[in-house]
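Enquirer: Structure in structure tokens, see below.
Values in this text are rule-based calculations from the coordinates and carry no lab data. Because the structure is a prediction, the values reported are computed rather than measured. Here the Cβ positions follow ideal geometry from the backbone for every residue, glycine too, while neighbour counts run over all protein chains shown.
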Amino acid sequence: MSGTESPVLAVLCGGQHPPDMQPIEQAALVRYTDATGLPGALRDADALFVYDFLSTAVRAAWPSANRLRWLHIASAGVDPVMFPALRDSDVVLTNSRGVFDGAIAEYVLGQILAFAKDFATSLRLQDERTWRHRESERIQGRSVLVVGTGPIGRAIARLLRAAGMSVAGAGRTPRTGDPDFGTVHASDRLAECLPTADYVVAVAPLTEQTKGMFDVTAFAAMRQGARFINVGRGELVVTGDLVEALRSGQLGGAALDVFDTEPLPVDSPLWTMDNVLISPHMSGDFAGWRTALVEVFADNFRRWLAGEPLHNVVDKRLGYVPSS
């Protein structure tokens, strides 16, 4: 960014403004807006901060972005803003990679422990004041396939390895000797490695190639009784196929933090399945995460003003930040 005039920054924030924006407000003309006001806020704006990272309003408002040079989204996933006009434009896209890695890894470990130690039944029996001795499973030595080998996938792999689990990955580039995954299988040959895992963790970015990758074929390829954990995107999964795999016993359980329709409809059969653990898209939301998101944006904003290289630049053809 160059020139003497203050840049114009549009901030899509819905009903909640981002915290700690004062230093940015001193360096730019900031227009806070919801989806309805976004077309007006984008007109003559130099940059856009999509703080409301689940909103899909940018696509409809895009014709008003006559001067936009940079778009930053407050999430690791960029699919809400990945539409053809943005992909084909010169606008630089950055994300908030790195903020949620550790928290999501802890969530995955927690859900694996919840399955192995059957905490749901313990809580149910406690509510009933019923004393019933049971045996639980060990997680040490159990095998995990992490589908998605970006920073979040790596954080998951490191934590699960530290807990004594055997971890492999599935990604675009197959390899051996990876420091976190050991072996990385080719994701386009997923059905060949799914049968090896007691737990399958979905954390892949949502792209045209990964949409619906967990379908009836994938679930049938899994080891009978395996558990499935989705902390990536709901659209990675064909929900009807998942429900059938759970009902039939092909899958032993599922921990789901993301869904193809959010909020999850009240009539979804997933709500009442004993072998399903549901959370409302919160696996990465630790205390202070909103401030952390603004800190990532503020660092890139400083770089942008100074004309320095930006962090977390998304390859818009791939749909994610390439690994170094």
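Enquirer: With axes computed from alpha carbons, what is the tilt in degrees of helix 289-306 against the longest principal axis of the chain, rounded to the nearest 10 within 0 to 90?
Expert: Relative to the chain, helix 289-306 is tipped by roughly 40 degrees.
Enquirer: On to the next question. Putting +1 on Lys and Arg Cβ atoms and -1 on Asp and Glu Cβ atoms, find which of 238, 272, 140 reaches farthest to the positive end of the dipole of segment 101-278.
Expert: Sorting the options by dipole projection puts first 140.
Enquirer: Once the chain is represented by equal point scatterers at the alpha-carbon sites, with solvent omitted, what log10 I(q)/I(0) does the Debye formula produce at q = 0.06, 0.11 Å⁻¹?
Expert: -0.23, -0.74
Enquirer: To one decimal place, what orientation-averaged projected area in nm² is obtained for the convex hull of the Cα set of segment 226-288?
Expert: 4.5 nm²
Enquirer: Continuing with the same structure: Could you tell me the calculated FRET efficiency between residue 22 and residue 122, based on Cβ-Cβ distance and R0 = 56 angstrom, to the nearest 0.05?
Expert: The calculated FRET efficiency here is 0.75.
Enquirer: Rounded to the nearest 5, what % of DSSP beta bridges with both residues in segment 101-278 are antiparallel? Before the final figure, lay out the partial values.
Expert: Working: 2 of 27 bridges.
The answer is about 5 percent antiparallel.
Enquirer: Right, next: With θ set to phi - 60°, apply the Karplus curve 6.51 cos²θ - 1.76 cosθ + 1.60 along segment 266-283 and write out the HN-Hα couplings as whole Hz, x wherever there is a Gly or Pro.
Expert: Each residue's phi maps through the Karplus curve to give 5, 8, 5, x, 4, 4, 9, 7, 5, 9, 10, 10, 10, 9, x, 6, 9, 4 Hz.
Enquirer: To continue, here is another question. Can you list the residues, at least 5 places off or on another chain, whose amide H is less than 5 Å from the amide H of residue 75, using H built in the peptide plane?
Expert: 96
Enquirer: Tabulate in residue order the Karplus-calculated ³J(HN,Hα) for segment 49-59, using 6.51 cos²θ - 1.76 cosθ + 1.60 with θ = phi - 60°, rounded to whole Hz; enter x for Gly and Pro.
Expert: Once θ is set to phi - 60°, the couplings for segment 49-59 become 10, 8, 6, 7, 6, 8, 6, 10, 6, 5, 4 Hz.
Enquirer: Shape call for segment 101-278 from the C-alpha gyration tensor, a ≥ b ≥ c root eigenvalues: rounded (a/c under 1.5), prolate (a/b greater than b/c) or oblate? List each step's numbers first, then the result.
Expert: Details: a/c = 1.78, a/b = 1.28, b/c = 1.39.
Cα axes put segment 101-278 in the oblate bin.
Enquirer: Order of 269-277, 167-175 by packing, highest average Cβ count within 10 Å first?
Expert: Working: 269-277: 14.1, 167-175: 19.6.
Most protected by this proxy first, the peptides run 167-175, 269-277.
Enquirer: Quick check: net charge around residue 180, other residues with Cβ under 9 Å of its Cβ, Lys/Arg +1 and Asp/Glu -1?
Expert: On the way: positive: 154, 158, 161; negative: 178.
Net charge in that neighbourhood comes out at +2.
Enquirer: I would also like to ask the following. Using amide H atoms built in the peptide plane, which far-off residues or other-chain residues are under 5 Å from residue 32 H to H?
Expert: Counting only residues 5 or more places away or on other chains, the set is 11.
Enquirer: What does the charge count around residue 283 come to, taking other residues whose C-beta lies under 15 Å from its C-beta (Lys +1, Arg +1, Asp -1, Glu -1)?
Expert: Numbers: positive: 233; negative: 101, 106, 257, 262, 285.
Local charge sum for residue 283: -4.
Enquirer: Report the net charge of residues surrounding residue 106, where surrounding means a beta-carbon distance below 12 angstrom and charges are Lys +1, Arg +1, Asp -1, Glu -1. The partial results should precede the final answer.
Expert: Details: positive: 158; negative: 101, 285.
Charge balance in the 12 Å sphere: -1.
Enquirer: Let me ask something else about it. Assuming R0 = 51 Å, can you tell me the calculated FRET efficiency for the pair residue 247 and residue 313, based on Cβ-Cβ distance, to the nearest 0.05?
Expert: Numbers: r = 43 Å, r/R0 = 0.85.
Calculated value: 0.70.
Enquirer: Run the helix sum for the chain: -39,500 (n - 2.57) per DSSP H stretch of 4+ residues, divided by residue count, reported at 222 nm to the nearest 500 deg cm²/dmol. Don't skip to the end; give the middle numbers.
Expert: Numbers: 11 runs with 96 residues, N = 324.
About -8500 deg cm²/dmol.
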